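The values are calculated or read from the model by the stated rules, or taken from the named source; none is laboratory data. The model shown is predicted, which means the values in this text are computed figures rather than measured ones. So basically every Cβ, Gly included, is an ideal-geometry build from the backbone, and we count neighbours across all protein chains shown. Just so you know, the surface numbers come from the protein's heavy atoms only, side chains and all, with ligands and any DNA or RNA stripped out. Shrake-Rupley method; radii C 1.70, N 1.55, O 1.52, S 1.80 Å.
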Amino acid sequence: MVGSGAVAANDGWSSRTAFLMAAIGAAVGLGNIWRFPTLAGENGGGAFVLVYVLCVALIGMPMVLTEVLLGRAGGGHADAVGSVADVAERSGRSRMWSTFGLIEVIAAFFILSFYSVVAGWVLNYVLLSGGDVLSAVLAGNPMATAFAEQSQAEVTGMMGTLFSSPGRMIAMHALFMAVTLGIVMLGVGGGIEKAATWLMPAFFVLLVLITVYGAFEGAFAEAVTFLFTPDFSALTPLAVNEALGQAFFSLSLGSAALITYGSYVPARVSLGSTAAMIAAADTGVALLAGLMIFPIVFAAGLDPAAGPALIFQSLPVAFQGMPGGALVGLAFFVLIFFAALTSSISLLEGPTAFAMSALKLRRVPAAILVAVLAFAIGIACALGYNVWSDVRPLAFWSIFENTDILDSIDGVTGKLMLPLAGLGLAVFTGWRADRRLVEAESGLSGVAFVLWRGLVVWLAPVAVGLILLFGLFPGLLG
C-alpha cells in the first residue's frame, strides 16, 4: 500500500505541523545564518540573492518533494536506503538504486562529524556572551555594549584563542554532540518532534527581534539596497554556481534527512504543499538572516565580504559599539545554536535509522554508536586547527591539496557525495520510478504534477550535475 508507513505508525510525527517544524529545522542551519550572508556579501548582494531564490523555486523545491515522497513511499522503512530500495522494487527496478540512499547516509554521518565541531564554536560564543551579559548585569548596566572591557583586537582574537586550544574545542564539540544524541535517543515523537516544536518557534522569535533591532540601530536601508538591488555586473559564473549550490545544500538535500523524516509522515498529509512550505521557510530565514546581519555590519563600517570571519569576528566587534550589544550578542549566538542543533539532530537521525535497520539495533544503541564514531572523527577535525594543523589528508587530490582535515571532509561531502546522491535520486524519481506511485504519493495532480515532474526529469538532473561537475573541476569556471 502506498505510504503505508509501518515505522511512522509506531513512532512518527503527531501532526503536519510537527513534521513541518522538524523538516524546516533540518533545512535551517548554519548554511542559512552563516553561509548565505557570507556568499551574498562576497558576490555583490542583490544579483546573487535573485539567482538563489530562482534556484530554490525551480530546483530546490522540486527536490525537497522528491526526497520526502521517496521516504513516505518507501513502505514504512525509516532509513533512506530501505525507502529507495522499496520504491525501486515496487517500480520493477533494481534495488541498486538504493546506493544513492546509502551515499546520503554516509554523507550525513561525515557532515555530522565536522558540523558538531563548528557548532561547538557557536556554543563557545554562547558561553562567552553569556558571561559578558552576566558581568554587565552584576555591574548594574544590563544594556551595556558587548565585551565593553576588552579591546577590539581582543574581541577579534577570541576565535584564534579557541582554535589554539584543542582541549576547549573538543569539549565544546563533545557537549554539542551530547545534546544532539540525547534528543535523538528519545525517538521521533518523544525527542525530535518536541525539540523542533520548542526550538523552531524560539528561533523565529529571536530572528525577528534581532532583525527589528538592526532595523532601528543599524543601517537598514543600506542593507535592503545591498540585498535586493541586483547588480548583474557582479554576477560571475562562479557566483551563479555558488547560488545554485547554496539552494541545494541549504535545504538539507542529499543528506538522508528529508527521506528519513518523510518516512515518518502519515498518509493524510499532502506532501506537495508541505514541500513548498519547507522551501519557502528556509529561503525566508536566509533572507531574514541577511536583513539581520547586514544592517549591523554596515552601521559598524565593516566589510560585508569578510567571509567566514563575518559571524565570529566582525559581528562581535559591531556589538561592541551598539547599545544593548551584550544582550543582542547573546541572543544572536543562541539563535545560531538553535539552528545548528535542529540540523544536527536530522544529521544524526538519518544514519541512526540506517543502523537500526541494517544492524538490527534498537534506537538508543544505534544512536550512541553513530554519535560516538562521528565524535571521534570530529576530534581529528578539531585537532586540524592546532596540533595537526599541517596535516593535509587529501593532498594527492589537487582541489584539496591545501585543505585541513575539517575542510577536506566538508569538501568531499559537499562537492562529491551530496550532489552525486541528489543527481542519482532525481534521475531515479523522474525516469525510473513508477509514475503512478510517484503521482499518488506527491499529492499533486494535473498541471502541478506535470510541472513538478518536468523539473525533476529535466532541470534538476542538469542543475545538480553542474554542481557536481564544477565542484570537482572548479577550473571550468575560470
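Yes/no matrix, rows are residues, columns are (1) touching a Leu at 6+ places or on another chain (Cβ under 6 Å); (2) closer than 22 Å to TYR115 by Cα:
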site	(1), (2)
ALA219	no, no
THR225	no, no
PRO237	yes, no
LEU244	no, yes
ALA256	no, yes
TYR261	no, yes
PRO266	no, no
ALA279	no, yes
ASP282	yes, yes
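Of the residues making up region 382-410, those that are under 14 Å from PHE114 (Cβ atoms) and touching a residue at least 40 places away in the same chain (Cβ under 8 Å) are ALA382, LEU383, TYR385, LEU406, ILE409, ASP410.
Return yes or no: is ASP79 at pLDDT below 95 and open to solvent by less than 10 Å² (accessible area, probe 1.4 Å)?
yes
For ALA57, the criteria (1) open to solvent by 10 Å² or more (accessible area, probe 1.4 Å); (2) more than 20 Å from ALA448 (Cβ to Cβ); (3) not polar (S, T, N, Q) hold in every case but one, which is (2). Of all the listed residues (ALA305, ALA276), the sole one being among the hydrophobic types (A, V, I, L, M, F, W, C) and either open to solvent by 40 Å² or more (accessible area, probe 1.4 Å) or more than 30 Å from SER442 (Cβ to Cβ) (or both) is ALA305.
Screening LEU238, LEU244, LEU258 for residues that are open to solvent by 60 Å² or more (accessible area, probe 1.4 Å), more than 24 Å from GLY301 (Cα to Cα) and among the hydrophobic types (A, V, I, L, M, F, W, C) leaves exactly one candidate, LEU238.
Okay, residues lined up against (1) closer than 29 Å to LEU127 by Cα; (2) open to solvent by 40 Å² or more (accessible area, probe 1.4 Å):
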{"site": "ILE183", "(1), (2)": "yes, no"}
{"site": "LEU207", "(1), (2)": "yes, no"}
{"site": "GLY214", "(1), (2)": "yes, no"}
{"site": "SER233", "(1), (2)": "no, yes"}
{"site": "GLY254", "(1), (2)": "no, no"}
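Take the conditions (1) crowded, with 21+ Cβ neighbours inside 10 Å; (2) closer than 23 Å to VAL412 by Cα; VAL49 misses just one of them, which is (2). In region 420-432 there is no residue matching the filter, namely being surrounded by fewer than 18 Cβ atoms within 10 Å (Cβ to Cβ) and within 27 Å of VAL179 (Cβ to Cβ).
Could you please give the count of residues in region 370-403 that are open to solvent by less than 40 Å² (accessible area, probe 1.4 Å) and either at pLDDT below 95 or over 21 Å from the mean Cα position of the chain (by Cα) (or both)?
We begin by selecting, within region 370-403, every residue open to solvent by less than 40 Å² (accessible area, probe 1.4 Å); these are 370-371, 374, 378, 380-384, 386, 394, 400, 403.
Going one step further and asking which of them are either at pLDDT below 95 or over 21 Å from the mean Cα position of the chain (by Cα) (or both), we end up with 380, 383-384, 386, 394, 400, 403.
Adding up the residues that qualify gives 7.
When only residues in region 433-478 that are of a type in the set (Asp, Glu) and open to solvent by less than 50 Å² (accessible area, probe 1.4 Å) count, which is nearest to ARG268 (Cα to Cα)? My answer is GLU441.
In the condition set (1) within 21 Å of ILE345 (Cβ to Cβ); (2) surrounded by 20 or more Cβ atoms within 10 Å (Cβ to Cβ); (3) hydrophobic (A, V, I, L, M, F, W, C), ILE106 is compliant with all but (2).
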